[in-house]
Amino acid sequence: MDLGANTPAKLEPFLLMSKSAKGAAAAKLIHDATSASGVFVFAELLDMPNIVELASNPQHSSVYSLLQFFAYRTYPDYLQHKDSLPALNQSQTTKLKHLTLVSLAMEKRILPYAQLLDQLQMETIRELEDLIIDAIYLDVIRGKLDQKAQQFEVEYTIGRDLEPGKIESMLTALQNWASTTSAVLATLDERLELLKRQAKTEKDMTSFYETQAQRTLREVQDKHREVKLTRNNPAGGPQLKSGPTAAGLALAERQKEKEREAARERERQAQASDKGKGRSNDENVDSMDVDEPEGKGKSTRPSTDSAANSKGRKRNRF
């Protein structure tokens, strides 16, 4: 429930009675309304015809002025004019202090205890805190008592009656507030748009850097595989599964050329070896045809020519 939501309803009985009350009865009605619990707005009662008549009555004009103080003024204002106003009872004093607290809360959110003690003419902090707590229970104000910082932090408060002649100043204040709010909103919109553009630029740059980093990483990995292949397979080896780069193709071509050169070298060595073996065999045959000297070292096996000569001599004898 909003603060002060029941205040107009609590004023309604006094409005009905004011239609028939005149003179002293109307003055007594004002005393009753300003003393009644839960009644904190009085503008409608001030506009009632029988109440307005009191302003021109010398006997009761001070009572009408007192009602104006409860509607628009504060407790320090009453103290300045108390000689020309009726005395307050305890209920009226407490209510006017509650209304003064509301007026102060409408001006500032943080109310120091020192200021409240001075404005409300109270001697101890205990009395001040009791007054604030009563106002909170009456739904006049909401806030937090900060005993450590010696201050009252206002969260919400009811509104008071608007004094005649101040509507224009309030409208001006509202227009200034609306202009300031519009300027702040426009500035916030521009700032949000700038932040959006910056975020998009940063996102694009991040994407670009990530793409470049991935490309560089792939190139480094390919180069690493090529170097590793060269170190582990200097004479050639299995091709990489991934597509070789230009440097890889050149390296593979050099390896193949080395293989072909090695094959040609082995073929030349084989041919040279075969030629060497052929010359060795011819030398061996030539050495076998040389006549060895008589005596030791002479072969005991008869040669083919000597055997043939022996057979010829035998046939000549017959």
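Scanning the stretch 136-192 for residues that are assigned to a strand (DSSP E or B), of a type outside the set (A, V, I, L, M, F, W, C) and without any contact (Cβ under 8 Å) to a residue 24 or more places away in the chain returns 144, 146, 155.
Within the stretch 36-66, restricting attention to residues that are assigned to a loop (DSSP other than H, G, I, E, B) and among the small types (Gly, Ala, Ser), which residue is nearest to residue 162 (Cα to Cα)? Looking at the filtered set, the residue picked out is 38.
Of all the listed residues (77, 83, 47, 32), the sole one being within 22 Å of residue 105 (Cβ to Cβ) and acidic (Asp, Glu) is 77. Of the residues that make up the stretch 93-102, is at least one surrounded by 13 or more Cβ atoms within 10 Å (Cβ to Cβ), closer than 14 Å to residue 30 by Cα and of a type in the set (Val, Ile, Thr)? No, the conditions are met nowhere in the stretch 93-102. Screening the stretch 206-246 for residues that are within 27 Å of residue 261 (Cα to Cα), charged (D, E, K, R) and part of a helix (DSSP H, G or I) and picking the one that is modelled with the lowest pLDDT gives 231. If you go through the stretch 116-135, how many residues are in a loop (DSSP other than H, G, I, E, B) and hydrophobic (A, V, I, L, M, F, W, C)? Here the count works out to 2.
The values are calculated or read from the model by the stated rules, or taken from the named source; none is laboratory data. Owing to the predicted nature of the structure, the values given are computational and were not obtained by experimental measurement. For neighbour counting, all protein chains shown are included, and Cβ atoms are generated from backbone atoms with ideal geometry for every residue, glycine included.
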